[in-house]
Amino acid sequence: MRLLAILLVLTVIPNLAFARSYARPEPHKRFSSTGDFYLDFNPEAKQHSVYATQRPETPLWTVITDSFWPFLKDESDRCLFVANDGRSVAGLTFVHATGFPADHRRFDGLEFFDKSGRIAAYRVSELPSGRIPLIDIPIRNVWFAFHGDDFRGGQLKRDADILTVAPFGMRSFDFSIATGQIVDWHLNLRYFAYMAMVYSVPAWIIARWVRRLTLANRLPLASSGERRSISYSPGIGTILVVSNLALFASGVYMDSFGGAIDRLGGQICTLTYQIAFVLVPTTICISFLGLSSQPRRFDIFGPWLSLLSAMSMMALFNY
């Protein structure tokens with residue numbers, strides 16, 4: 001019960017109401033990961049110029065904006081990035097929060113600039129990250145309880161000239177720093193870890209509660225007068241759902257290779273997506289059929305997991 005109380009507290013705490021005050025970013029040189037180019041970041045003039053490290057006398061190009069607010073002077077803050085060829089920059093931006101007063105801003109923007117100006121702009125919270133309506137409300141609140149609603153820089157990761165963004169949801173996205181376009185997406189394992197943490201607790205509590213009821217009212221056998229209770233341990237329905245989810249995850253992984261492996265991964269994803277919906281009534285039937293076995297079994301986790309997996313895959317395939 002203590003665990004349930006903690007979960008409820010984390011679910012209802014309004015994290016979005018916390019006020020913050022941020023210090024103005026300081027001028028500094030932000031280098032590319034190779035060190036061949038750098039951005040002379042100047043927040044006072046709102047003018048930022050890109051230079052070649054070997055030729056610092058003349059800027060290659062300049063961007064004018066006050067949206068970038070890095071809080072450190074290197075890439076470890078994961079807020080501002082310079083492309084390895086020096087032709088573009090990208091990073092989180094301090095933008096107006098939709099539905100709030102004009103002076104209320106938050107780190108929700110993701111913008112890309114080159115010598116022609118801004119080439120792409122996104123709201124991180126509005127990316128098609130695969131949210132599940134209603135189902136992920138407690139997941140979101142627990143997420144914010146651990147990370148805060150700001151999560152400044154925590155959802156960005158760079159690999160060469162690919163910028164990976166992991167918003168709240170089932171998908172993370174790979175952006176090209178050069179073009180500002182989405183080039184790929186992956187499953188966001190952190191989201192699924194929080195889903196497992198949140199929904200395993202009520203499933204466990206329900207199973208214990210129902211088990212107590214059946215233990216208090218044991219059913220007599222007609223032949224011998226013995227008594228028997230119902231087992232609520234995971235059964236074949238749970239195994240089928242977990243296997244289908246593992247196959248789906250492998251299909252998503254194969255889908256990132258290209259060529260024949262890519263096509264095979266796509267076919268696996270399509271097949272397991274259809275199987276997920278078949279497993280919902282199947283696991284329910286298996287669970288009730290277990291009541292006629294000896295000993296009597298009812299797999300409460302199979303239908304629970306099948307519903308969650310079907311809704312998760314539906315959200316993913318709506319991208």
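The values are calculated or read from the model by the stated rules, or taken from the named source; none is laboratory data. As the structure is a prediction and not an experimental result, all values here were calculated from the model. Note: ideal-geometry Cβ built from the backbone for every residue, glycine included; neighbour counts use all protein chains shown.
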Residue selected from the range 82-107 under the condition closer than 16 Å to F175 by Cα and not in a loop (DSSP other than H, G, I, E, B), by the criterion nearest to the chain's Cα centre (by Cα): L92
Cβ pairs under 6 Å, 6+ apart, first in the range 271-288 and assigned by TED's automatic domain parsing to the domain that holds F248, second of a type in the set (S, T, Y) and part of a helix (DSSP H, G or I): A276/S309; L279/S306; V280/S306; T283/S306
Matching option when the condition is over 17 Å from the mean Cα position of the chain (by Cα) and among the acidic types (D, E), among D136, D114: D114
Residues located in the range 81-138, provided they are more than 28 Å from Y194 (Cβ to Cβ) and crowded, with 22+ Cβ neighbours inside 10 Å: V82, A83, S88, V89, F112, F113
The range 264-279 - residue that is surrounded by fewer than 17 Cβ atoms within 10 Å (Cβ to Cβ) and among the aliphatic types (A, V, I, L, M) and, of those, farthest from G251 (Cα to Cα): V278
Any chance F175 is closer than 26 Å to G251 by Cα and modelled with pLDDT of 65 or more: yes
Candidate set from the range 246-272 (those that are of a type in the set (G, A, S) and in a helix (DSSP H, G or I)); member that is modelled with the lowest pLDDT: G259
Any hit, the range 289-300, residues being outside the structural domain of F173 (by TED's automatic domain parsing), closer than 26 Å to I135 by Cβ and at pLDDT below 65: no
Filter result (in a helix (DSSP H, G or I) and either touching a Lys or Arg at 6+ places or on another chain (Cβ under 9 Å) or buried (at least 21 other Cβ atoms within 10 Å of the Cβ) (or both)) within the range 148-193: Y191
Flag if I275 is in contact with a Leu (Cβ under 7 Å, 6 or more places away or on another chain) and at pLDDT 75 or above: no
